[in-house]
1. For every other residue with a beta carbon closer than 11 angstrom to the beta carbon of T165, add +1 if it is Lys or Arg and -1 if Asp or Glu, then tell me the sum.
2. So if R0 is 51 Å, what FRET efficiency would L262 and V135 give, r being the distance between their Cβ atoms, rounded to the nearest 0.05?
3. Using a simple spin-label model with points 7 Å from Cα along the Cα→Cβ vector, what separation in nm is obtained for T84 and L10?
4. Using 7 Å Cα-to-Cβ label points, what is the D228/S2 separation (nm, one decimal)?
5. May I ask you to list the residues of segment 148-174 whose amide nitrogen lies under 19 Å from a point 7 Å from Cα along the Cα→beta-carbon direction of R17?
6. Once each part is reduced to its C-alpha centroid, what is the distance from segment 103-169 to segment 194-225 in angstrom?
7. Using only the alpha carbons, work out the radius of gyration and Dmax of segment 92-211 in angstrom.
8. Each residue of segment 136-148 in turn: what ³J(HN,Hα) in whole Hz from Karplus with 6.51, -1.76, 1.60 and θ = phi - 60°, glycine and Pro shown as x?
Amino acid sequence: MSPLFTLAGLTIREALRRRIYVGAFCIALLFLGLLFIPRFASNRRGIQLVPPVQASVLALAGLAMIKFFSAVLGITLASGAIATELERGTLYVILSKPLTRAHILLGKWLGLVVLTAINVLVWAALLWVAVFLRVPGPHWPLLKAVGLAFLYPLIFVTLTLCFSTFAPNMLATAMALVCIGIGWQEGFMLELGRVLDIRLLRQFGTFAGYLVPIGRLQRWMVRVADLDLPFGIAPMGPGSRELQPAPMDLPYVGAYILGLLLLTLVLFQQRDV
């Protein structure tokens, strides 16, 4: 296990050398802004929301921010993890040492996961404080939802790392962004197919939900967060009439990540360096 931790540490050090923490700090400032929203809005006219509803709205917005920014951060970190090493020729030097390709890949994956986890923890802590200021308490449902939100960067770190084994840096990034778009289309396509009564759209929505299962995470996050939203807001978004959390959603996501990691190992083993 020592080579894995050594390579994970080197991966984290390389990310810090690229000053990735600057972007993470800027994102943290956005979450910090959630703490001060009531002060900015206190002197304005309009509908006044009671603190529990304010907390739910902030929790919903904050969870969406965590999902988006953590996925983008995971893609940014992972897109060049293998491709850049291949382009520079440094991977050949690493492989000349008593290390297997599995050590290299899993070490990089572990380092990227640790980096994204640290950022998610910081952002989640700021979100929790913002919610706590409205309604004091432990807010266990929010913490459970944040735990599920961590699976977002885990999916996209693994997916982008897979692309990085056979595609250049920019192409791996583009492919991962396309996958985000596909995953987001699940509910929209199902709802559109239901309204227009087009079977092909519903089939595409179902296929998108299996290909990139971020919609499954969204549904479970909303379920466990237990949000009290005003004005009949549907937190599950388009397609929520047909899509509800299912018992096999989370096991499927876990199997999806594991399968992607195994596929990445196979592809990396076949790659010429």
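The values are calculated or read from the model by the stated rules, or taken from the named source; none is laboratory data. Computed from a predicted model, the values in this text were never measured in an experiment. No Cβ is skipped: glycine too gets one built from the backbone with ideal geometry, and neighbour counts run over all protein chains shown. When the accessible area is computed, the model is the full protein with side chains, heavy atoms only, and any ligands, DNA or RNA have been set aside. Shrake-Rupley method; radii C 1.70, N 1.55, O 1.52, S 1.80 Å.
1. Values: positive: R101, K108, R271; negative: E85.
Once all neighbours under 11 Å are counted, the net charge is +2.
2. On the way: r = 43 Å, r/R0 = 0.85.
E(calc), rounded to 0.05, equals 0.75.
3. 1.4 nm
4. 5.6 nm
5. 169
6. Between the Cα centre of segment 103-169 and that of segment 194-225, the gap is 22 Å.
7. For segment 92-211, the Cα radius of gyration and maximum Cα-Cα distance read 19.5, 60 Å.
8. With the stated coefficients, segment 136-148 comes to x, x, x, 6, 4, x, 5, 5, 5, 5, 5, x, 6 Hz.
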